[in-house]
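Everything on this sheet refers to the single structure shown next.
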Amino acid sequence: MTESTATIHVGDKTVEVPVKHGTVGPSVIDIGKLYAKTGLFTYDPGFTSTASTESEITYIDGDKGVLLYRGYPIDELAEHGDFLETCYLLLYGDLPTAAQKAEFDYRVTRHTMVHEQMTRFFNGFRRDAHPMSIMVACVGALAAFYHDSIDINDPLQRQIASIRMIAKMPTIAAMAYKYSIGQPFVYPKNDLDYCSNFLRMCFSVPAEEYKVNPVLARALDRIFVLHADHEQNASTSTVRLAGSSGANPFGCIAAGIACLWGPAHGGANEAALKMLGEIGTVENIPKYVARAKDKNDPFRLMGFGHRVYKNYDPRAKIMAKTAHEVLSELGVKDDPLLEVAVELERIALSDDYFIEKKLYPNIDFYSGITLKAMGFPVSMFTVLFAVARTVGWIAQWKEMIDDPEQKIGRPRQLYTGAPFREYKPVGTR
Ligand code: SDX
């Protein structure tokens with residue numbers, strides 16, 4: 001990383017601060033010593049202009065609609081690779097050789113079972129509990145079972161905790177789904193690949209043989225690749241902040257799941273499908289587009305807009321293609337939701353409001369249509385996002401732990417509350 005300097009004049013103070021330049025993308029002004037030199041904080045509540053860390057994992061060019069995992073374009077990884085290859089790349093920094101891939105697949109596959117006592121948690125949940133609430137609870141509870149992999153200062157324990165989480169997330173997600181529909185849990189099978197195993201754990205029943213549809217398994221694998229990581233988004237920043245205190249990795253990932261659940265973030269795929277259902281027909285679209293543009297109406301087009309992408313989300317393009325592939329494989333003709341989605345996209349992208357504010361479909365706009373067609377209920381959509389994003393959270397958490405400059409994250413504030421005042425006994429108030 002190269003450096004230069006910037007001069008900041010504030011009142012009668014002038015300070016020189018370093019400017020750091022990465023390999024690609026915006027440079028940063030290092031304000032780490034600003035408070036010490038000027039007594040001033042910077043202020044950026046939504047972190048719209050703030051880099052929280054240096055990272056080598058994922059690069060997004062929002063203006064060009066580019067997404068790179070360790071330098072490799074997302075469309076090539078989604079097209080030519082598979083999800084566990086992407087996991088290896090995000091975790092270790094480069095694409096695996098055939099031998100490395102085989103060894104990694106073997107390790108993940110043999111950690112897919114969960115401790116049998118995990119099943120007892122489920123009896124405490126209502127059957128209609130949202131599966132994301134179950135995911136937060138069960139993933140956090142993994143720390144109660146795996147005491148041999150929560151010492152974050154031991155690289156070996158960090159490694160085994162990482163493999164365990166990537167391997168067990170699909171199992172716990174499938175258990176949450178099975179519990180919600182009153183069907184028995186299905187154990188993983190080691191002779192199946194990651195996504196085939198997950199589909200079988202979700203949709204097979206003891207009463208008959210289940211045959212995985214390879215087209216659906218491949219589509220789900222591609223969807224997982226698209227969701228694997230995304231720089232310092234809200235849930236990743238949550239995982240990093242939780243991890244900066246030295247919290248155990250299972251608890252940090254549980255915190256990330258809780259943040260992802262929000263409708264402005266990973267919960268948007270569930271909200272987008274509900275919105276398409278509420279719009280219902282192409283004739284209703286103008287009414288909803290008008291509501292999305294009305295500043296006095298809190299309604300937003302879910303699955304549209306992005307803090308970083310001011311161009312088409314490259315993942316949304318691949319999601320749209322996958323939606324058409326899955327629907328045609330399943331023989332679904334003229335899906336009304338897809339019809340509304342395609343027409344809504346066309347109308348929105350030609351509307352001045354969306355053009356001026358650079359609002360394009362994001363990854364959540366088409367994913368729900370595909371997942372619904374595969375048989376997942378809407379409540380499972382964000383769970384699948386969490387399953388895929390776990391490797392990104394872990395890779396970012398690992399990078400933070402390995403960073404020699406790492407310290408606990410502790411932002412400051414602009415205080416606008418009451419200045420000092422004397423206590424008043426209750427009789428005098
Ligand atoms: C994900 O960060 C990541 O990388 C996230 C993610 C990942 O992989 O981790 O990509 C996954 O979370 C995708 C985003 C999913 N969320 C949604 O689809 C929810 C709908 N979209 C928005 O709420 C919104 O676009 C955000 C939250 C995604 C981004 O919000 P910002 O960057 O804070 O932008 P903003 O809310 O300040 O909006 C800018 C303007 C506003 O109008 P003005 O106040 O300037 O007049 O655009 C408008 C907003 O009102 N706007 C929308 C809109 N999104 C923004 N208007 C209508 N419909 C929308 N969807």
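Given the pairs Lys20/Lys317; Lys178/Lys333; Lys321/Lys358; Lys64/Lys333, which are separated by over 24 angstrom at their Cα positions?
Violating the 24 Å limit, Cα to Cα: Lys20/Lys317; Lys178/Lys333; Lys64/Lys333.
If the stretch 188-334 were replaced by its equivalent ellipsoid, with semi-axes equal to the square roots of 5 times the Cα gyration tensor eigenvalues, what would those be, largest first, whole Å?
Working: eigenvalues 174, 141, 39 Å².
After diagonalising the Cα gyration tensor, the semi-axes are 29, 27, 14 Å.
Using a 10 Å cut-off on Cβ atoms, rank the peptides 51-57, 31-37 from the highest mean neighbour count down.
With the highest mean Cβ count within 10 Å placed first, the list reads 51-57, 31-37.
For the stretch 1-40 and the stretch 379-401, compute the distance between their C-alpha centroids and round to whole Å.
Computed from Cα coordinates, the inter-centre distance equals 32 Å.
In the chain, carbon and sulfur make up what percent of the accessible area (probe 1.4 Å)?
55 percent
What does the charge dipole of the stretch 162-255 about its Cα centre add up to, to the nearest 20 debye, if the Cβ of each Lys and Arg holds +1 and the Cβ of each Asp and Glu holds -1?
120 debye
Filter the DSSP H helices in the chain by two things, a Kyte-Doolittle mean of at least 0.5 and an axial alpha-carbon span of 30 angstrom or more, and list the hits by number. Could you put the intermediate results ahead of the total?
On the way: long enough: 155-180 (37 Å, 0.18); 381-402 (32 Å, 0.72).
Going by DSSP H runs, the hits are 381-402.
Just going by the charge dipole of the chain, with Lys and Arg at +1 and Asp and Glu at -1 on Cβ, which of Tyr309, Thr171, Gly331 is farthest out on the positive end?
Most positive-ward Cα: Thr171.
For the chain, what's the relative contact order in percent, using C-alpha pairs closer than 8 Å and at least 6 residues apart?
Details: 590 pairs, mean separation 82.0, N = 429.
Over the chain, the number comes to 19 percent.
Give the long-range amide H neighbours of Val66: residues separated by 5 or more places, or on another chain, with amide H under 5 Å away, using H modelled in the peptide plane at 1.01 Å from N.
Amide H to amide H, under 5 Å and 5 or more residues apart or across chains, Val66 pairs with Asp61.
If you take the charge dipole of the chain about its Cα centre, with +1 on Lys and Arg Cβ and -1 on Asp and Glu Cβ, which of Thr2, Gly22, His265 is farthest toward its positive end?
About the Cα centre, the residue reaching furthest to the positive side is His265.
Calculate the dipole size of the stretch 1-55 relative to its Cα centre from +1 charges on Lys and Arg beta carbons and -1 charges on Asp and Glu beta carbons; express the result in debye to the nearest 20. Walk me through the intermediate numbers first.
Values: 4 positive and 6 negative charges, 18 e Å.
The dipole magnitude comes to about 80 debye.
Let me have the relative contact order for the stretch 59-193, percent, based on Cα pairs under 8 Å that are six or more residues apart.
Values: 108 pairs, mean separation 30.2, N = 135.
Reported as a whole number, the value is 22 percent.
Given the -39500 (n - 2.57) contribution per DSSP H run of 4+ residues, what per-residue ellipticity at 222 nm results for the chain, rounded to the nearest 500 deg cm²/dmol?
-15000 deg cm²/dmol
Considering the dipole of the chain built from charges on the beta carbon (Lys and Arg +1, Asp and Glu -1) around the Cα centre, which of Asn248, Val342, Ala395 is farthest to its positive end?
The residue sitting farthest along the positive end of the dipole is Asn248.
Semi-axes of the chain's equivalent ellipsoid from the Cα gyration tensor, sqrt of 5 times each eigenvalue, largest first, rounded to whole Å?
Gyration-tensor ellipsoid for the chain: 36, 29, 24 Å.
Relative contact order of the stretch 48-99: what whole-number percent is it, with Cα pairs under 8 angstrom and at least 6 residues apart?
23 percent
The values are calculated or read from the model by the stated rules, or taken from the named source; none is laboratory data. Predicted model only: the values in this text are computed from it and were never measured. Heads up, the Cβs are rebuilt from the backbone with ideal geometry, glycines too, and the neighbour counts pull from every protein chain shown. For the accessible areas, the whole protein counts, side chains as well, though only heavy atoms, and no ligand, DNA or RNA atoms are used. Shrake-Rupley method; radii C 1.70, N 1.55, O 1.52, S 1.80 Å.
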